[in-house]
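Asker: Handing you this structure, nothing more for now.
The values are calculated or read from the model by the stated rules, or taken from the named source; none is laboratory data. Here the structure is a predicted model, which is why all the values come from computation and not from measurement. Positions of Cβ are backbone-derived with ideal geometry, glycine not excepted, and every protein chain shown enters the neighbour counts.
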């Protein structure tokens, strides 16, 4: 078991604390009503953006979305059912219950026990909680193959909203919460987004907001590099975002570990780049910003949601188009599902937390003036979730030549509704049943079903026990095809992985079955982005 990840997290937190450096000469002032208006603009931007892009989500993978995008202000009501909103409001509810300085395990607990489905890094963090793998380990690449995914990036807004002009404070909170479900670039996505908001309170130049926010993440990180690439592409193609998108896709389009080998990409940094592209090419116009960040594709409801929220903070709610304001006001007291919050109460609560943080970190509130103690950005220690790990191939469990079996393994089959039988996976449930695969590479992920009758197994790598796993999953009525075990950072060469069914289960499971659908093989090699040159650089 590799111990480097938790050590780096602790080091990150330590350096974040010791690197705080206040510039006493640049304190900022803001009126309470302006602060609240900007907070409202941020929350409204999230709601508007997520509903604008919702019909296009993942409809364009590795391509620009060219179909018509239709949206009307009444669509904003759909934000009440969006995970971009209710998941992060769960963390706000955790603050209400336990206090803003509560340990990350308590935030993870409320999030894990919430009654809604989750996906990707969030779902793995929930599974980890019930497997007694707590934050910050729950977000590390050793325990979460989705460590670089977008999850925290779309849930960090409330942190930035409550830290006006306070990037150190937003980064410290984001560092704690982000490691519940993410690591490395996955955490940096949330830190960057929160920093965009922190800077947007007192800056109207979008280019400058982006450059300042970049100071909150390590310059050597891929996330930092891809944002700098968008800035360079915008400089070269100032009037042609499609040309910039094409070059960005050529360089960074295959970075996703979660969707390795497919066009699907939920990686934080690529989707973060689309947020920045929307902001730069949108030039401060809300509809233009929404359209571009949506048409960039992939997670195209989350990205316009973040982009318009930046404009919402910058312009304030009162500075958004009137029809957007009216659309939000019409549902202002409606509760977001799975939460105790409405738009109006979320704004009021965020405003309260902002005042608390301002005074906690040296600010002064007197009458109709708020003075905020200036903060210089604090950069966390570098983390890399999957250094130089690249996709090699996928191997179906029905490719019998690649696997060896011991015991009784059966097919799980379904009917496609047209009379055709589909083989979904294979499963075994008796003590000692084994499946084995030999592969050449430096990493492997076994995929299978997390089901309500899932049981336990032991996984061996090259003859040594690597980990005991539990494949039970039935939270919020959700069952899934998912990575049930993975390992990376192996030495290059041939390796043997053997999974042995233990015949054991947790009390709530309905069985001891372990399901397998296949394996994804990784190798270590220079990434395409490392030596890539844009067309204008050749």
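Asker: Take residues that are within 19 Å of residue 268 (Cα to Cα), at pLDDT 95 or above and out of contact with any strand residue (DSSP E or B) (no Cβ under 7 Å at 6 or more places or on another chain) and tell me which of the helices (runs of 4 or more DSSP H) falling wholly in the stretch 45-130 contain 3 or more.
Answerer: Values: elements: 83-98, 104-112, 120-130.
Hits in the stretch 45-130: 83-98, 120-130.
Asker: Additional query: Would you check if residue 521 is without any contact (Cβ under 8 Å) to a residue 60 or more places away in the chain, assigned to a strand (DSSP E or B) and either touching a strand residue (DSSP E or B) at 6+ places or on another chain (Cβ under 9 Å) or closer than 30 Å to residue 236 by Cβ (or both)? Working first, answer last.
Answerer: Numbers: without any contact (Cβ under 8 Å) to a residue 60 or more places away in the chain: no; assigned to a strand (DSSP E or B): yes; either touching a strand residue (DSSP E or B) at 6+ places or on another chain (Cβ under 9 Å) or closer than 30 Å to residue 236 by Cβ (or both): yes.
Spelling it out, it is not the case that residue 521 is without any contact (Cβ under 8 Å) to a residue 60 or more places away in the chain, assigned to a strand (DSSP E or B) and either touching a strand residue (DSSP E or B) at 6+ places or on another chain (Cβ under 9 Å) or closer than 30 Å to residue 236 by Cβ (or both).
Asker: Further question: Would you confirm, using the coordinates I've provided, whether residue 243 is assigned to a helix (DSSP H, G or I), touching a helix residue (DSSP H, G or I) at 6+ places or on another chain (Cβ under 6 Å) and assigned by TED's automatic domain parsing to the domain that holds residue 121?
Answerer: For residue 243, the condition - assigned to a helix (DSSP H, G or I), touching a helix residue (DSSP H, G or I) at 6+ places or on another chain (Cβ under 6 Å) and assigned by TED's automatic domain parsing to the domain that holds residue 121 - is not met.
Asker: Need the failing condition index for residue 428 against (1) surrounded by 14 or more Cβ atoms within 10 Å (Cβ to Cβ); (2) free of Cβ contacts under 8 Å to residues at least 12 places away in the same chain; (3) not assigned by TED's automatic domain parsing to the domain that holds residue 27, just the number.
Answerer: Answer for residue 428: the failing condition is (2).
Asker: Checking residue 357 against (1) part of a loop (DSSP other than H, G, I, E, B); (2) out of contact with any strand residue (DSSP E or B) (no Cβ under 7 Å at 6 or more places or on another chain): exactly one of these is not met. Which one?
Answerer: Among (1) part of a loop (DSSP other than H, G, I, E, B); (2) out of contact with any strand residue (DSSP E or B) (no Cβ under 7 Å at 6 or more places or on another chain), the lone unmet condition for residue 357 is (1).
Asker: Is the stretch 227-247 home to any residue that is in contact with a strand residue (DSSP E or B) (Cβ under 9 Å, 6 or more places away or on another chain) and modelled with pLDDT of 95 or more? Can you show your working first?
Answerer: So in the stretch 227-247, the residues in contact with a strand residue (DSSP E or B) (Cβ under 9 Å, 6 or more places away or on another chain) come out as none.
Checked against the condition, which is being in contact with a strand residue (DSSP E or B) (Cβ under 9 Å, 6 or more places away or on another chain) and modelled with pLDDT of 95 or more, the stretch 227-247 yields no hits at all.
Asker: For the structure I just gave you, tell me whether residue 291 is at pLDDT 95 or above, more than 21 Å from residue 201 (Cβ to Cβ) and surrounded by fewer than 24 Cβ atoms within 10 Å (Cβ to Cβ). I'd like the intermediate steps shown before the answer.
Answerer: Numbers: at pLDDT 95 or above: yes; more than 21 Å from residue 201 (Cβ to Cβ): yes; surrounded by fewer than 24 Cβ atoms within 10 Å (Cβ to Cβ): yes.
Criteria met by residue 291.
Asker: Right, next: If the requirement is being surrounded by 12 or more Cβ atoms within 10 Å (Cβ to Cβ) and not assigned by TED's automatic domain parsing to the domain that holds residue 196, which of these qualifies: 362, 407, 417? Reasoning before the result, please.
Answerer: On the way: 362 fails: not assigned by TED's automatic domain parsing to the domain that holds residue 196; 417 fails: surrounded by 12 or more Cβ atoms within 10 Å (Cβ to Cβ).
Testing whether each residue is surrounded by 12 or more Cβ atoms within 10 Å (Cβ to Cβ) and not assigned by TED's automatic domain parsing to the domain that holds residue 196 leaves just 407.
Asker: Please find, among 148, 157, the residue that is in the same structural domain as residue 197 (by TED's automatic domain parsing), at pLDDT 95 or above, touching a strand residue (DSSP E or B) at 6+ places or on another chain (Cβ under 6 Å) and under 22 Å from residue 57 (Cα atoms).
Answerer: Values: 157 fails: touching a strand residue (DSSP E or B) at 6+ places or on another chain (Cβ under 6 Å).
None of the other options fit; the residue is 148.
Asker: Continuing with the same structure: Does residue 450 satisfy the criteria of being under 16 Å from residue 395 (Cβ atoms) and under 22 Å from the mean Cα position of the chain (by Cα)?
Answerer: On the way: under 16 Å from residue 395 (Cβ atoms): no; under 22 Å from the mean Cα position of the chain (by Cα): yes.
Judged against the criteria, residue 450 is not a match.
Asker: Further, regarding this structure: Given the options 196, 270, 279, name the one that is modelled with pLDDT of 95 or more, over 18 Å from the mean Cα position of the chain (by Cα) and part of a helix (DSSP H, G or I).
Answerer: Working: 196 fails: over 18 Å from the mean Cα position of the chain (by Cα); 270 fails: over 18 Å from the mean Cα position of the chain (by Cα).
Every option except 279 fails the conditions.
Asker: Out of curiosity, is residue 436 surrounded by fewer than 16 Cβ atoms within 10 Å (Cβ to Cβ), touching a residue at least 60 places away in the same chain (Cβ under 8 Å) and assigned to a strand (DSSP E or B)? Step through it out loud before you land on a result.
Answerer: Working: surrounded by fewer than 16 Cβ atoms within 10 Å (Cβ to Cβ): yes; touching a residue at least 60 places away in the same chain (Cβ under 8 Å): yes; assigned to a strand (DSSP E or B): yes.
Here the answer is yes, as residue 436 does meet what is asked.
A quick yes/no check of all residues on (1) in contact with a helix residue (DSSP H, G or I) (Cβ under 6 Å, 6 or more places away or on another chain); (2) surrounded by fewer than 17 Cβ atoms within 10 Å (Cβ to Cβ):
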| residue | (1), (2) |
| --- | --- |
| 53 | yes, no |
| 60 | no, no |
| 78 | yes, yes |
| 81 | no, yes |
| 96 | no, yes |
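Asker: Let me ask you something else. Which one of the conditions (1) without any contact (Cβ under 8 Å) to a residue 40 or more places away in the chain; (2) in a loop (DSSP other than H, G, I, E, B) does residue 377 fail to meet, given that it meets all the rest?
Answerer: (1)
Asker: Now for a different question. Are any of the residues in the stretch 454-475 part of a loop (DSSP other than H, G, I, E, B) and in contact with a helix residue (DSSP H, G or I) (Cβ under 8 Å, 6 or more places away or on another chain)?
Answerer: At the first step, the residues of the stretch 454-475 found to be part of a loop (DSSP other than H, G, I, E, B) are 455, 462-463, 471, 473-474.
Of the ones still in play, those that are also in contact with a helix residue (DSSP H, G or I) (Cβ under 8 Å, 6 or more places away or on another chain) are 473.
Yes - at least one qualifying residue is present in the stretch 454-475.
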